[in-house]
1. Which shape class, rounded, prolate or oblate, goes with the stretch A:27-143 when its Cα gyration tensor gives a ≥ b ≥ c as root eigenvalues, a/c under 1.5 marks rounded, and past that a/b bigger than b/c marks prolate?
2. Amide H neighbours of B:L83 under 5 Å, counting only residues 5+ apart in sequence or on other chains, H built in-plane at 1.01 Å?
3. Would you please classify the overall shape of the stretch A:395-471 from the alpha carbon gyration tensor, given that a ≥ b ≥ c denote the square roots of the eigenvalues, rounded means a/c under 1.5, and beyond that prolate means a/b larger than b/c while oblate covers the rest?
4. Any idea what the relative contact order of the stretch B:27-229 is, in percent, if you count C-alpha pairs under 8 Å spaced at least 6 apart?
5. Whenever you get a sec, compute what percent of the accessible area on the protein assembly as shown sits on carbon and sulfur atoms (1.4 Å probe).
6. Excluding same-chain residues fewer than 8 positions from A:K515, which lysines have a Cα within less than 22 Å of its Cα?
7. Cα-Cα over 31 Å: which of A:K102/A:K473; A:K72/A:K471; A:K399/A:K572; A:K102/A:K542; A:K296/A:K471; B:K180/B:K205?
8. Please state the relative contact order of chain A as a whole percent: Cα pairs under 8 Å, 6+ residues apart?
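The values are calculated or read from the model by the stated rules, or taken from the named source; none is laboratory data. This is a predicted model, so every value here is computed, not measured. FYI the Cβ positions are ideal-geometry reconstructions off the backbone, even for glycines, and counts take in every protein chain you see. Areas reflect the complete protein model, heavy atoms only, side chains present, ligands, DNA and RNA absent. Shrake-Rupley method; radii C 1.70, N 1.55, O 1.52, S 1.80 Å.
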Amino acid sequence: MPIITAKTAQPTYDVVIVGSGAGGGQMAMTLTLAGLKCVMLEAGRAYDPATETPMFQRPDQAPLRGVGTPEKNFGFYDATVDGGWQVPNEPYTQGSDDPARKFWWWRARMLGGRTNHWGRISLRNGPYDFKPHSRDGLGFDWPIGYEDVEPYYTKVEQLIGVYGTNEGRENTPDSPEGVLLPAPKGRAAELLVQKHAKTVGVPVMPIHRAVLTRALDADTIPAKLFPGNEWAQKIVADSMRRRGACFWATPCGRGCSIGANYQSTTVHLPPALATGNLDILPNAHAREVLLGADGKANGVLFVDKTTGNEERVRGRIVILAASSGETVRILLNSKSASFPNGLANSSGKVGKYVMDTVGTSLVGQIPKLENVPSHNEDGAGGSHFYSPWWLYKEQLAGKLGFARGYHIEMGGSRDMPGGWNPLPDDLGQGAYGTKFKEAARRYYGSFVYLSCRGEMIPNEDSFAELDPVVKDKWGTPVIRWNWKFSEHELRQADHAQDTFTAIFSAMGGTVRRAKPKTGTEIEPGGKIIHEVGGALMGADAKRSVVNGWNQTWDVKNLFLVDASPFPSNSDKNPTLTIMALAWRTGDYIVDQAKKGNI
Amino acid sequence: MPTHDLPAPFDSGLPERMPDPAIRLPRRTVLKWFAAAAAASQVAGCLDRSGPGGLAPITAPGYGTDPLLTRVYKAGDAWPLTLTMAERTASVALADFIMPADAYGPAASKLRVVDFIDEWVSAPYPGQVNDRKIIVPGLAWLESESRRRYGAAFATLSAAQMDGICADICFEKNATAPFKVGARFFSVFRGLTAGAYYSTPAGWKAIGYEGNVPLPKFDGPPPAVLAMLEVEQTVK
């Protein structure tokens, strides 16, 4: 693999890509298959899922039985390197001491970034999600619509492999026939939720996740993705053939050594590298986009973390895909005479309108799920079912008191035990000895988790800026977060809590804690790790940062292909949309480069 | 760059002549050992670490933000273990009383649960450091309670005698004032014991987890489970 160092980098490239996750990975693949020479800067180390993934390791083979610690927040086996809520040597700060106004920023310092551990939930935005302001007068419309992105959703789904079903629901798009992979069978708890949630009006159906429930059809898909480019088709087909189908074991959060789910490191980067057109430069933390006298970006200044030295890499086009927070940071740190307030920031909108997903959850204990005969429910290493938002009409009619919807993610509890006590004291009632083991077996698998994942409306109080004082280890100013949820999000979380309680009640179960105070149950900003916004996409150069091609208004050879351009953050998880827009932008760049426009 | 460095092999400090204190010791060994330890320390409750040189803070570093994930770790690999011989001996006895050998599976000691407890209370992270402040004094409390009631070390008690103590501390909610501290300890200790026990293949069998094995296909719950739950498989 051409993993390079600052010393071995070429003097210049066609394109410099900052970031190796969903946006950077897709961009690298699209551009290198079109013949462009690219260099990819990654702030963390190189990472190889084939050799580094703990596929069948048990909790009793890990320190502390694998439970989360301040050094591995999501557990020992989580596929996060040098990351989590805090990253050594790379602080971030808060604009307020109020815990409710704090933003939690999850970062990973590894090739592939957060795609190595993500939940693989891959939902398309629907038509409403691109025009939210037109629908209810709040937030911003995108300058593009569902019809612009639809072909790329289809291409991405075919490339990465997404399981699920077409259900024909409002604002929850179907995929073209034959695109989705078969949905996995429902698990016991999921089927029970499905049956009883229906009685309280909540539909439950297969979720869409980027996991190969069967091998991809490498004989036909590449020709659909890269028509007329036989060279690209062959490379993509070879890469597809190397990915194995899911063997129904080990959680996806560990990553996947056989490539049965999507992570940039197993899906996007191997074919991009196989073109011979990609150099990957790890431990290279981008600090500034370099601007030429012609007003065009001509490279990136970065800190080589192996030496601490400042280095430069040159290119004719610059792509930022560093995550919303990090992309904002790079732009604001790229100050020049022509851009004293940060690059591409003539609108003053860089850093504004950061969003996360509304999160809240509830656990229920369901007697009907006690003492269920033991059986294997590992399944596809994540959810099989979910509830898409089901109250569009009621909401539009103003009956709900909050403007945007949420979907429900769910899970049973017959997953791999270890580390934590499976029998809460109140259920064990003091049991020890064989009685304890009896009770542990009785209650194992009887807990059901319901989680709200809802849309947040962008607001003036939620933004990222440079901290005027604090710098990281290498002297680069860090991000200071500012955060506030509006009544729409707080009421949405309350609604979700009431819905969950009703579902558990319909199942004959009980919730595991008392009803919380109104407006208190929302997870803090950033906790769902759906950080989007900060470089608003719009139709007006004076009031937005990028146009409908993810191209900055101010610097026409600078593109942002992480979630920073998102003008809204629908309840649908952002990753699939990041990839679709990155591919679309990549095609645009290739076209414009051919025409000599950039 | 990742080095995956681990601390140098750790000297447990245990005298080599002592049997492995992760497993249940024969009663006569424990009696002999406690007699020797008591004579050496000149105190009756030789688990008491409240005095000078008592409960030492944990100073070892953690495993870092980039540990090697694919190796097999044993307790003591990531940081030194810190429980004393006496504490481990009492822990083995209590863990086995909580998780005995029975039709569900082996005793806790067979699964080296005490190694996990020792690793846990020796870890440098805040959550574990808090539990250390409950577990180590709790073991001392258990020992002194055992001596107060029965004039003998906890590890040497009969099942009926152990039951006498555990019945008073097994449920925090119902524990009377003199037993509140013991009950807090018992709750945390039982939780750690169960967390360790059920993280092993034998524990998986005991609780009814089947998984972590590759399958050619996923069929969902078997018919008997669907029938019991009165649901149908809706994904064809």
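1. Numbers: a/c = 1.84, a/b = 1.27, b/c = 1.44.
The shape class here is oblate.
2. Result for B:L83 returns nothing.
3. Details: a/c = 3.86, a/b = 1.84, b/c = 2.10.
Since a/c reaches 1.5 but b/c is at least a/b, the shape of the stretch A:395-471 is classed as oblate.
4. Details: 200 pairs, mean separation 44.8, N = 203.
Computed over the stretch B:27-229, the figure is 22 percent.
5. Numbers: 16460 of 30690 Å².
The nonpolar share, carbon plus sulfur, comes to 54 percent.
6. Answer for A:K515, where 22 Å is the Cα cut-off: A:K527, B:K173, listed by chain and number.
7. Numbers: A:K102/A:K473 23 Å; A:K72/A:K471 24 Å; A:K399/A:K572 22 Å; A:K102/A:K542 29 Å; A:K296/A:K471 27 Å; B:K180/B:K205 34 Å.
Over 31 Å Cα-Cα: B:K180/B:K205.
8. On the way: 1421 pairs, mean separation 135.7, N = 598.
That works out to 23 percent.
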